[in-house]
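Undergrad: Let me give you the structure first, and then I'll get to my questions.
The values are calculated or read from the model by the stated rules, or taken from the named source; none is laboratory data. Note that this is a predicted model, so its numbers are computed, not measured. Here the Cβ positions follow ideal geometry from the backbone for every residue, glycine too, while neighbour counts run over all protein chains shown. Only protein heavy atoms, including side chains, enter the accessible area calculation; ligands, DNA and RNA are left aside. Shrake-Rupley method; radii C 1.70, N 1.55, O 1.52, S 1.80 Å.
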Amino acid sequence: MSAGIGERIRTIEIGFFWALFGLLATFLALAPLPVAAAIPAERRIQVKAGDFAYTPGVITVNRGDHVTLELISTDVAHGLYIDGYALQVTSEPGQSASLSFTADHAGTFRLRCPVACGDLHPFMIGKLKVKPDDLFWRISGLAVLAVLGALMLHRQTARRTV
Ligand SMILES: [Cu+2]
């Protein structure tokens with residue numbers, strides 16, 4: 001018993017649908033999205049500068065966050081300059097100074113000390129990581145796709161039982 005031509009075309013259509021489905025799912029999970037963070041957070045982070053190092057050495061925020069860095073120099077005067085954002089703040093020994101900005105571009109940016117603070121001054125570096133906060137959009141997209149997939153499965157099952 002051989003399947004009719006209509007049946008074969010339907011099989012090809014279904015195969016095509018699932019191939020497209022898989023491709024879309026992969027795209028949603030991995031492709032960079034042009035949407036910015038949905039809910040920006042207020043972040044206040046204390047950074048200690050001393051002994052030619054920043055503590056913490058790596059600052060991680062999400063894109064869209066409103067960030068305030070509070071710099072505290074624990075020995076001599078130090079500063080903090082953020083590459084890529086071109087922002088800087090300096091703090092006198094034992095005092096704090098703060099810098100506020102919106103982390104509007106994602107990526108990893110180097111933090112450097114703009115104050116000649118001693119022999120190891122050129123090595124006083126840290127990192128600012130601004131993560132693209134697009135998980136929400138990916139999950140939403142995949143959820144919509146899952147509903148479409150379920151509907152298609154339902155249709156196929158319904159057809160088979162008729
Ligand atoms: Cu320094």
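Undergrad: Can you give me the angle between helix 135-161 and the longest principal axis of the chain, using Cα atoms only, in degrees from 0 to 90, rounded to the nearest 10?
TA: Taking Cα atoms only, the helix is inclined about 10 degrees.
Undergrad: Could you order peptides 54-63, 150-159 by the average number of other Cβ atoms within 10 Å of their residues, highest first?
TA: On the way: 54-63: 16.5, 150-159: 10.8.
Those peptides, ordered most packed to least, come out 54-63, 150-159.
Undergrad: How big is Rg to Rh over segment 78-162, alpha-carbon atoms, Rh as the Kirkwood inverse-mean-distance radius? Walk me through the intermediate numbers first.
TA: On the way: Rg = 25.3 Å, Rh = 17.2 Å.
We get a ratio of 1.46 for segment 78-162.
Undergrad: Of the accessible area of the chain, with the probe set at 1.4 angstrom, what percent is carbon plus sulfur?
TA: 63
Undergrad: Here is a follow-up. Send over the semi-axes of segment 32-111's equivalent ellipsoid, whole angstrom and largest first, taken as the square roots of 5 times the C-alpha gyration tensor eigenvalues.
TA: Working: eigenvalues 131, 28, 19 Å².
Sorted largest first and rounded, they come to 26, 12, 10 Å.
Undergrad: Where only protein heavy atoms count, and the probe is 1.4 Å, what is the accessible area per residue for the chain in Å²? The partial results should precede the final answer.
TA: Working: 10220 Å² over 162 residues.
Accessible area per residue: 63 Å².
Undergrad: A follow-up question, please. Return, for the Cα atoms of the chain, the radius of gyration and Dmax in Å, separated by a comma.
TA: 26.4, 89
Undergrad: Collect residues whose amide H, placed 1.01 Å from N in the peptide plane, falls under 5 Å from the amide H of residue 63; neighbours closer than 5 in sequence don't count.
TA: Residues meeting the criterion, in which the H sits 1.01 Å from N, are 131, 133.
Undergrad: How far is helix 5-30 tilted off the main Cα axis of the chain, in degrees rounded to 10, range 0 to 90?
TA: Once rounded, one gets 10 degrees.
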